[in-house]
Amino acid sequence: MVPVSSDVSGVTYPDLMSAQKSKPTSVIGALFGFVGFSVLAGLLVTIGVTPAIAVAGMTASSTIGVFESIPEYIEIGKLQQRNTLYAKQGGQDVPFATLYSENRVELKWDQVSQTLKDAVVAGEDRRFYEHGGVDVTSLVRAGVGSLGGGELGASGGGSTLTMQLVRNIRIAQSQLIADPDEKEAAYKDAIKTTIDRKLEEMKFAIGLEKKYTKDEILLAYLNIAYFGDQTYGVQAAAQHYYNKNASDLSTQEAASLIAIVQYPDTRNLSTPEKYEGNKARRDVILKSMYAEGFIDKETEEVSLATDVASYVVLTAPTQGCAAVTATGAQYFCDFVKKNIKNLAVLGASAEERLATWNTGGLNVYTTLNLDMTSNAKIELDKWAPATETRLKLGSVVNSVEAGTGRVIVMAQNTTFSEVDAGDRTQTSVNYSTDRDYGGSSGFQPGSTYKPFTLIDWIEQGHGITESVNASPRTFYLTADGQRQGGWAPKNDAGERPGLMSVTTATAQSVNTAYAAMASKLDLNDIRGVAQKLGVHRADGGELSAYSSSILGTADEIAPLTMATAYAAIAAGGKYCAPIVVDNIVDDEGNALGGQPQDCNQAVGPEVAAAAAQAMSGLWTNGTGRGGLPADGFPEIGKTGTTDAKDQIWIIGATTKLATAVWQGNADGAKVSLRQVGSPIMGGTYANTRTSLFKAVQTINNTVYPGTPFPRPNSSVLRGSGVSVPNVTGSSVEAAKTILKGLSLVYADGGTQASALPAGQVVGTYPGPGAVIPKGETVQVYTSDGSGAAQIPDVTGQSIGNATKALTRAGFAGDKVSVTAFTAGDGKNQCRVAATDPAAATTVAKDSAVGLTLYGNAQGADPGNCK
């Protein structure tokens, strides 16, 4: 039964430690029994002296059929190595993560110390530079020892370094197989210790010797050998056990390292309990090094006297995303790892890409900015700590570069861990991403979804200066032309607004205003806008297209997806799918390239500019007040809160960078974030989100300073809306004709008290000058006549009597006054000559009435009129 262990990705496969060294003597002894001592010895002599002739001879022989040919696939090839992720820090590319299937760093010949080369030859194959891949002397001695029950000394096994390399190559090839079952089967096949397998190793070893130089074979062995404790190759082993490079090893360190390879499970240097076994084998190798003339007597004695513990400096390999020490970068690391299958530069198919990745040796230059990510993580821990006990609080910050899709920041308030320890502050779930890339099913975006209705509104020819009737009522929306059932949304705080502009409705996030806008559109078109900006459900399902979906309460969406959509708006409508890798350099220094930018003009630049203008009011006149950094860079944005207040968002963007901040119940609970107090500033999590956003974006803007957003064309701002005309004083029929000509709908608003004659138009709603969509209804109000009266004829009357007559007619006495004189004949002096307004004129009852009196012959005030 082959022991089983797990690789770094959790895939189960047979234990490498049990297969590095199997006793060859039993196989050699069986081999002798199979073909006969003298026959095999003769064969091996031929092989050892002239390998090419030996191979030809075996082809003609029916005794050992495996020697028919040398398969070409047994080549040294590339070995599995570490992959290193780089990110920007202080403007420079710095490594921040190491990922690998096998912890190995492949070295060149001059990077390995001569002492180490001598130690492996002395310890594993003294005649390495003399034989042709199969050492006749060692095989014969091993066979005799096996038949006689003897033990092996230094390099006393039957397998040469070249034969050991063959076995390691087959093991390494098995580890490149993606399918776990096929991987395990290939490994078991590679470590067989049967007679035919030993003959195959001999055959393949001869093939390697024909193709490669001795130094190339020795170097390949040093790079491929397993040194226990998940460490492969001499460089990784030297770093792990000594915290130094393979070029800098002392004699005793080199011998101790080579002492591991026969039994890597029991002789490695990971624990003091294994030192004794390592020292015993080390000392055998040291004596062999002296015997072979590699070291002098003094060096041998000093090395033999050195305690193993004196030079072991165990250094844990920093493998995996959980081991990343760069603040906040762990979840991005995991996101890159899960994106390997999408990196076309690594192969034509997902399988090829994973195989290239597992082979390793890649330097991956990512899009991440460590400085900005560190700041985001610090602010998350401050404003939205995962230690919160009143709910399982999750929170992320995602920043995406506008116009490229490069993911610059991905931070989370928890600590990345692939072990479920029941700690609320740790999780492997990446809240930023889709389920297939981090395990999260996303979150309802609330009102941050409204810009997609806004953009469709503009695309359909409406303007952001248009006004809509935001009065709460039942709305009937359409989807693909089909009328939906009645829907009566409420506003966040129960507001009951009336007419308001789209710009104001956006800044103040008025649900009923957006319902009124959507009633002029089609729900499928609104969904289409979201889709072309890359918005999709985090679980892979289809986006909804029913009434409440316009308020972001129907679908769960990943924060990274929303940040990318806002980046598109900020980039003038240019959508770019999110990417995380700028370039990959292989182990030979070749630049393979990165993820190509996948961009398209999803929204017209003028439409995007108009949407940006409407979204810029969030910070001064809307729900994002206090969230704008004090750096003067223009930003657009939107807040979002779900119905249960269990998820809250704020997304903002300059022309260079979009940043989404999400906070919520990570476990699906419905604890209101408006009811749970924030640990600082005395507010709730809901009302301190602007402070969190401001703290993050302030630093972001120092690295990605924005520029002014383009000013939209005035015609786009206005759209196809029309101004309500002033029809006051006109007849109802005339008002109907005027409104119809503007594609507006007349509605009788009833009568109002007015000075105008009964039946005349006294006003409208919306009022004159308001810009509203075509087809909108205009309420028209007419006069009931109660506010007007007819001026009576008071000609010839005294001032007192005229005033009494006007008062009886409904006019205010204090508004009656003498305003002029005209020439009199002496008899009519101080009598009323005329009124202003004139007699029989209908005017408002609160109108002033002027009296013209007869005066003296010159038309002047006689001075005695009362």
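If you go through segment 78-96 and keep only what is modelled with pLDDT of 95 or more and of a type in the set (A, V, I, L, M), you end up with L85, A87, V94. For segment 366-384, the set of residues classified as small (G, A, S) and closer than 10 Å to A411 by Cβ consists of S374, A376, listed by residue number.
Residues checked against (1) among the aliphatic types (A, V, I, L, M); (2) surrounded by 24 or more Cβ atoms within 10 Å (Cβ to Cβ):
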residue: G233; (1), (2): no, yes
residue: Y241; (1), (2): no, yes
residue: K244; (1), (2): no, no
residue: S250; (1), (2): no, no
residue: I260; (1), (2): yes, yes
residue: T266; (1), (2): no, no
residue: L269; (1), (2): yes, yes
residue: P272; (1), (2): no, no
residue: Y275; (1), (2): no, no
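The sole residue among Y331, Y311 that is farther than 30 Å from G594 by Cα and touching a Phe, Trp or Tyr at 6+ places or on another chain (Cβ under 9 Å) is Y311.
Of everything in segment 846-859, what is charged (D, E, K, R) and either surrounded by 15 or more Cβ atoms within 10 Å (Cβ to Cβ) or under 60 Å from the mean Cα position of the chain (by Cα) (or both)? Give them in sequence order. Full working, then the answer.
Here is the first cut: in segment 846-859, the ones charged (D, E, K, R) are 846.
Answer for segment 846-859, where residues must be charged (D, E, K, R) and either surrounded by 15 or more Cβ atoms within 10 Å (Cβ to Cβ) or under 60 Å from the mean Cα position of the chain (by Cα) (or both): there is none.
The residues of segment 734-758 that are in a loop (DSSP other than H, G, I, E, B) and closer than 25 Å to A848 by Cβ, listed by number, are A753, S754, A755, L756, P757, A758.
One residue stands out among those in segment 386-416 that are touching a strand residue (DSSP E or B) at 6+ places or on another chain (Cβ under 7 Å) and open to solvent by 20 Å² or more (accessible area, probe 1.4 Å): the one that is nearest to K656 (Cα to Cα), which is E401.
Does D539 count as in contact (Cβ under 8 Å) with a residue 40 or more places away in the chain, more than 19 Å from I650 (Cβ to Cβ) and surrounded by 18 or more Cβ atoms within 10 Å (Cβ to Cβ)? So that I can check it myself, show each step before the final result.
Values: in contact (Cβ under 8 Å) with a residue 40 or more places away in the chain: yes; more than 19 Å from I650 (Cβ to Cβ): yes; surrounded by 18 or more Cβ atoms within 10 Å (Cβ to Cβ): no.
No: the conditions fail for D539.
Comparison of V134, V105, V120 shows that the only residue that is modelled with pLDDT of 75 or more, within 23 Å of Q80 (Cα to Cα) and in a loop (DSSP other than H, G, I, E, B) is V105.
On the stretch given as segment 322-345, residues that are more than 16 Å from N363 (Cβ to Cβ), of a type in the set (A, V, I, L, M, F, W, C) and crowded, with 24+ Cβ neighbours inside 10 Å total 2. Checking A608 against (1) out of contact with any Asp or Glu (no Cβ under 8 Å at 6 or more places or on another chain); (2) closer than 30 Å to G438 by Cα; (3) not aromatic (F, W, Y), which single condition isn't satisfied? The single condition A608 does not satisfy is (2).
Mind counting the residues in segment 472-487 that are in contact with a Lys or Arg (Cβ under 7 Å, 6 or more places away or on another chain) and farther than 19 Å from D456 by Cα?
First, the residues of segment 472-487 that are in contact with a Lys or Arg (Cβ under 7 Å, 6 or more places away or on another chain): 472, 476.
With farther than 19 Å from D456 by Cα added as a condition, the list becomes 472.
Result for segment 472-487: 1.
Scanning segment 661-684 for residues that are surrounded by 23 or more Cβ atoms within 10 Å (Cβ to Cβ) and closer than 14 Å to D381 by Cβ gives V661, Q663. Exactly one residue out of F693, F709 is open to solvent by 30 Å² or more (accessible area, probe 1.4 Å), of a type outside the set (S, T, Y) and within 26 Å of the chain's Cα centre (by Cα): that is F709.
Scanning segment 306-321 for residues being open to solvent by less than 60 Å² (accessible area, probe 1.4 Å), assigned to a loop (DSSP other than H, G, I, E, B) and more than 30 Å from L368 (Cα to Cα) gives a total of 3.
One residue is enough: does segment 452-469 have a residue meeting the conditions closer than 30 Å to Y331 by Cα and open to solvent by less than 20 Å² (accessible area, probe 1.4 Å)? Checking segment 452-469: at least one residue is closer than 30 Å to Y331 by Cα and open to solvent by less than 20 Å² (accessible area, probe 1.4 Å). I need the full set of residues from segment 765-798 which are β-branched (V, I, T), open to solvent by 20 Å² or more (accessible area, probe 1.4 Å) and in a loop (DSSP other than H, G, I, E, B), in order please. Residue satisfying the conditions is T795 alone. Looking at segment 695-718, can you tell me whether even one residue there is touching a strand residue (DSSP E or B) at 6+ places or on another chain (Cβ under 7 Å) and over 27 Å from K450 (Cβ atoms)? Yes, the conditions are met somewhere in segment 695-718.
Residue-wise test of (1) aromatic (F, W, Y); (2) touching a strand residue (DSSP E or B) at 6+ places or on another chain (Cβ under 8 Å).
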residue: V607; (1), (2): no, no
residue: W619; (1), (2): yes, yes
residue: G627; (1), (2): no, yes
residue: T639; (1), (2): no, yes
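Would segment 498-518 turn up any residue that is hydroxyl-bearing (S, T, Y), in contact with a Lys or Arg (Cβ under 7 Å, 6 or more places away or on another chain) and open to solvent by 60 Å² or more (accessible area, probe 1.4 Å)? So far as segment 498-518 goes, no, none of its residues is hydroxyl-bearing (S, T, Y), in contact with a Lys or Arg (Cβ under 7 Å, 6 or more places away or on another chain) and open to solvent by 60 Å² or more (accessible area, probe 1.4 Å). Could you list, in sequence order, all residues of segment 526-535 that are in contact with a Leu (Cβ under 7 Å, 6 or more places away or on another chain) and surrounded by fewer than 19 Cβ atoms within 10 Å (Cβ to Cβ)? Residue satisfying the conditions is Q531 alone. Residues that are within 16 Å of the chain's Cα centre (by Cα) and of a type in the set (D, E, K, R) within segment 425-474 comprise D434, R435, D436, listed in sequence order.
Considering only segment 646-663, I want to know if a residue exists there that is touching a residue at least 24 places away in the same chain (Cβ under 8 Å) and more than 19 Å from the chain's Cα centre (by Cα).
Here is the first cut: in segment 646-663, the residues touching a residue at least 24 places away in the same chain (Cβ under 8 Å) are 646-663.
Next, from what is left, pick out any that are more than 19 Å from the chain's Cα centre (by Cα): 646.
The answer is yes; a qualifying residue exists.
In segment 714-756, the qualifying residues are those that are touching a Leu at 6+ places or on another chain (Cβ under 9 Å) and buried (at least 20 other Cβ atoms within 10 Å of the Cβ), and the one that is modelled with the lowest pLDDT is V722. When you check N278 against the structure, is it modelled with pLDDT of 95 or more and in a helix (DSSP H, G or I), yes or no? For N278, the condition - modelled with pLDDT of 95 or more and in a helix (DSSP H, G or I) - is met.
Counting only residues that are buried (at least 22 other Cβ atoms within 10 Å of the Cβ), in a loop (DSSP other than H, G, I, E, B) and under 19 Å from the mean Cα position of the chain (by Cα), segment 556-594 holds 4 of them.
Does segment 70-77 include one or more residues that are modelled with pLDDT of 50 or more, on the phi > 0 side of the Ramachandran plot and open to solvent by 40 Å² or more (accessible area, probe 1.4 Å)? Spell out the reasoning first.
The first filter runs over segment 70-77 and keeps only residues modelled with pLDDT of 50 or more, leaving 74-77.
Restricting the remaining residues to those that are on the phi > 0 side of the Ramachandran plot gives 77.
Those still in the list that are open to solvent by 40 Å² or more (accessible area, probe 1.4 Å) too: 77.
Yes, some residue in segment 70-77 is modelled with pLDDT of 50 or more, on the phi > 0 side of the Ramachandran plot and open to solvent by 40 Å² or more (accessible area, probe 1.4 Å).
Summed over segment 728-764, residues that are over 28 Å from A812 (Cα atoms) and touching a helix residue (DSSP H, G or I) at 6+ places or on another chain (Cβ under 9 Å) total 5. In segment 497-505 there is no residue matching the filter, namely being of a type in the set (G, A, S), under 30 Å from N339 (Cα atoms), in a helix (DSSP H, G or I) and modelled with pLDDT of 95 or more. In the set (1) polar (S, T, N, Q); (2) farther than 30 Å from L853 by Cβ; (3) assigned to a strand (DSSP E or B); (4) open to solvent by 30 Å² or more (accessible area, probe 1.4 Å), T819 fails one condition alone, (2).
The values are calculated or read from the model by the stated rules, or taken from the named source; none is laboratory data. Bear in mind that the values here come from a model prediction, so they are computed numbers and not experimental data. Glycine gets a Cβ as well: all are built from the backbone with ideal geometry, and neighbour counts include every protein chain shown. Ligands, DNA and RNA are stripped out before the accessible areas are found, and what is left, the full protein with its side chains, is counted by its heavy atoms. Shrake-Rupley method; radii C 1.70, N 1.55, O 1.52, S 1.80 Å.
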